[in-house]
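This report concerns only the one structure given below.
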Amino acid sequence: AKGHEKGKATVSKQPTCVENGLQSYKCTVCGVEIENEVIPAKGHKEDKGTVTKEATCTEKGVKTFKCTVCGEKLREEEIAAKGHKEDKGTITVAPTCTEKGKKVFKCTACGVELRTENIAAKGHKDGKWVVTKPATDEEEGERELHCKVCDAVIRTETISNKVYYHMSVCSNGI
């Protein structure tokens, strides 16, 4: 007997990422199948991942990795929450001379209000004195100091009455 002569392999089952394949060899002389051989599974080839859930300021996101060959989902990776980013704040209530104001700080990404800050009252600014009752030789007068910002009366003062010397003229002189 001459023996069999091994021909080229014929694949009867292609390997996948997870399952082995199969190939066989036939004799080139008589055509009888003389050998079977397992083709090893290729294994998955992971892609670079796709963000399947965006992370927000407060919630974690998800990145999913799949096989580039068969498309099977291989794993998921957690994406950390981004955290809030505070803006420079917006004055929602302007302070006055006597009342405090309010400044609100929000997240630049999601717009949620993060905190509120009080702004101190500005206090009155001295403006002009206004005489409300002039002094006479019989009575004291009164004047008020007004705020130059809001015109409120800051202080009231008494104006002392003027001292008048009365002179009389006679034939001998004063």
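No lab work stands behind these numbers, since they all come straight from the coordinates. Everything numeric here is computed off the predicted structure, so don't read it as measured data. Neighbour counts run over all protein chains shown; Cβ positions are idealised from the backbone, glycine included.
Database remark: amide H of GLY89 closer than 5 angstrom to the amide H of LYS106 (H placed geometrically; neighbours at sequence offset of 5 or more, or on other chains; Pro and chain starts carry no H). For the charge dipole of the chain, defined by +1 on Lys and Arg C-beta atoms and -1 on Asp and Glu C-beta atoms about the Cα centroid, which residue among THR158, CYS97, GLY49 has the Cα displaced farthest towards the positive pole? The one lying farthest along the dipole's positive direction is GLY49. Segment THR92..LEU74, full-extension length gain: 1.4 nm, with 0.36 nm per residue of separation and the alpha-carbon distance subtracted.
Filter LYS85/LYS106; LYS102/LYS125; LYS100/LYS122; LYS53/LYS88 down to the pairs with a C-alpha to C-alpha distance above 18 Å, please. Cα-Cα > 18 Å for LYS102/LYS125; LYS53/LYS88; rest within. Model label points for LYS85 and GLU99, set 7 angstrom from Cα along the Cα-to-Cβ axis, are 3.5 nm apart. Using Cβ point charges alone (K and R +1, D and E -1), the dipole size of the stretch 30-174 about the Cα centre works out to roughly 240 debye.
Computed from the Cα positions only, the extents of the stretch 80-136 along the three principal axes stand at 80, 12, 12 Å, in decreasing order.
Full extension of the chain between GLU139 and VAL29 gives 25.2 nm of extra length, using 0.36 nm per residue less the Cα-Cα distance. Counting every C-alpha pair in the stretch 40-174, the share spaced more than 20 angstrom apart comes to 74%. Once the Cα-Cα distance is subtracted from the 0.36 nm per residue extended length, the THR16 to SER160 segment shows a gain of 40.9 nm.
Both the radius of gyration and Dmax for the stretch 1-45 are 13.2, 48 Å, in that order, over alpha-carbon atoms. Treating r as the C-beta distance of GLU117 and ASP151 and R0 as 25 Å, the FRET efficiency rounds to 0.30.
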